[in-house]
Every structure is written in C-alpha cells, then in structure tokens.
Amino acid sequence: DLHLPLYAFAEAAALTPDAEDFSGVAFGDVRLQGVVPIFGVDSGAFSLAGMVGLGLPTGTEAALLRRGFFADVGLSLGGELDMGLGYVANVGATMSQGQELRGVSMGSTIETLGGAWYQVDDGFRAGAELRYLGGLANATGARNDLATYHLFVQTVSESGISMTIGAGSGLLAGIGSPDWRAFAAMAWAPTKRDADGDTLNVALQISDDG
C-alpha cells in the first residue's frame with residue numbers, strides 16, 4: 001500500500017522566532033506499507049497480521065508534518081462479529097532520526113491504536129478510533145507523547161472502492177497534536193478495505209492521517 005497524504009488545510013505555530021506561522025495546503029510524508037497475514041478464522045471474527053513500512057521525508061516541515069526517513073513494524077489483530085460489530089487493535093514501533101523542537105525530544109515512538117465500528121448496512125459502517133504515540137527520544141528530558149481520536153463513517157462498494165469521512169481531535173498537547181481535524185478519503189483495493197489510515201482488510205478493520 002502507498003500512502004500519499006494531502007492536507008487541504010493545516011495550521012501550525014512557528015518553531016523559531018524568525019519563522020512565520022503556517023496556514024494552508026500541506027503534504028505529509030510518503031509511506032509504503034506491507035501487511036503480512038499470520039492467522040485468521042474463516043468467519044472473520046479474528047485475524048492477526050504483521051505490518052512493515054518505510055517513510056520518505058516529503059511532508060511540509062513548517063506544518064509539522066515532516067518526520068524524515070523512518071521505518072516501522074507492528075502487529076494488528078481484529079475482526080468482525082456476526083452481529084455487525086467490528087474491532088481492531090494495533091501495536092508497533094517507528095524508528096526515525098532524533099531531533100529537538102522547542103525543548104522537546106522528537107524521534108522514534110511506540111504506537112498503539114484501538115477502534116470499533118458497527119456495520120449499519122451492507123457496505124456502510126460507522127465507528128471510532130483512539131491512537132496513542134509514546135515518544136522514545138528523551139535527550140532533553142522531555143518526551144513528545146500524543147493521543148488522538150476520530151469518528152468516521154465509510155462506504156465500500158462491491159468493486160472495492162471505499163469512501164471515508166470523519167473528524168476528531170487531539171487528547172494530549174504534544175507537538176503535532178491537532179486542535180481539531182476533519183478528513184475525507186477515497187481508496188480502491190481488490191478486497192474491501194478501510195481508508196482512514198491503516199490499510200488493513202475488513203477482518204482487521206480499516207486509517208491516518210495522519
């Protein structure tokens with residue numbers, strides 16, 4: 001899977017006194033991700049997969065959307081029950097170059113994501129996700145921890161085209177945490193997939209974003 005994030009509108013305060021605040025269209029880092037199935041049951045109630053990814057520093061730095069070169073690994077489990085309820089839980093780590101912003105250490109992180117949704121009708125579902133990123137870099141004595149949530153609705157056609165819209169906010173005031181965000185996405189895959197960021201099949205749920 002190839003992620004090409006585009007932010008129609010982003011705002012960020014200047015990082016240094018001689019720089020200007022950012023407001024406008026911005027890009028995120030390009031990310032290439034692979035998902036390797038490990039185990040699953042035929043009913044789709046439970047599946048386990050491994051994830052590996054590579055990122056390139058294409059994000060808009062002034063908008064705090066550039067992480068630099070990075071690599072990540074993780075595990076994802078999830079499924080969908082007969083009653084229309086689905087769930088996902090991801091855990092992983094991202095390795096990236098360390099840096100300092102406003103006295104806070106930035107760099108590698110551990111990441112977790114939990115989500116649930118309800119299948120309202122064939123091809124249509126609504127749900128919510130909570131994501132936590134814990135900073136591992138601590139050179140300045142201050143780590144950068146982030147937590148965000150979002151609500152979403154999604155439709156998936158039989159042809160594999162999916163459309164997702166959602167909105168959410170940050171829960172911890174770390175660098176890069178949004179006051180609010182709204183998003184829309186369109187994706188195509190030969191199997192039904194979610195488009196909010198983590199590119200796993202229906203048995204594994206799904207986003208972001210970013």
Would you point out the residue of the range 105-145, among those that are hydrophobic (A, V, I, L, M, F, W, C) and open to solvent by less than 30 Å² (accessible area, probe 1.4 Å), that is nearest to Gly68 (Cα to Cα)?
Ala137
Given the criterion within 29 Å of Val25 (Cα to Cα), in contact with a strand residue (DSSP E or B) (Cβ under 6 Å, 6 or more places away or on another chain) and either at pLDDT 95 or above or small (Gly, Ala, Ser) (or both), identify the matching residue among Ala139, Ala116, Ala185.
Ala185
Residues (open to solvent by less than 80 Å² (accessible area, probe 1.4 Å) and over 16 Å from the mean Cα position of the chain (by Cα)) located in the range 51-67:
Pro57, Thr58, Thr60, Ala62, Ala63
Out of the residues in the range 7-23 that are under 11 Å from Ala63 (Cβ atoms), assigned to a strand (DSSP E or B) and among the small types (Gly, Ala, Ser), which is farthest from the chain's Cα centre (by Cα)?
Ser23
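Test Leu151 against the criterion of being surrounded by fewer than 15 Cβ atoms within 10 Å (Cβ to Cβ) and farther than 20 Å from Leu32 by Cβ, and give yes or no. Please lay out each step first, then the result.
On the way: surrounded by fewer than 15 Cβ atoms within 10 Å (Cβ to Cβ): yes; farther than 20 Å from Leu32 by Cβ: yes.
It is true that Leu151 is surrounded by fewer than 15 Cβ atoms within 10 Å (Cβ to Cβ) and farther than 20 Å from Leu32 by Cβ.
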Would you please name the residue that is modelled with the lowest pLDDT, looking only at residues in the range 1-37 that are surrounded by 12 or more Cβ atoms within 10 Å (Cβ to Cβ) and among the acidic types (Asp, Glu)?
Asp1
For the range 146-166, which positions are in a loop (DSSP other than H, G, I, E, B) and closer than 26 Å to Gly135 by Cα?
none
Assuming Ile206 fulfils every condition listed in (1) under 20 Å from Phe9 (Cα atoms); (2) at pLDDT below 70 apart from one, which condition is it?
(1)
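The values are calculated or read from the model by the stated rules, or taken from the named source; none is laboratory data. The structure presented is a predicted model; accordingly, all values stated were derived computationally and were not measured. Neighbour counts run over all protein chains shown; Cβ positions are idealised from the backbone, glycine included. Please note that ligands, DNA and RNA were not included when accessible areas were found on the heavy atoms of the full protein model with its side chains. Shrake-Rupley method; radii C 1.70, N 1.55, O 1.52, S 1.80 Å.
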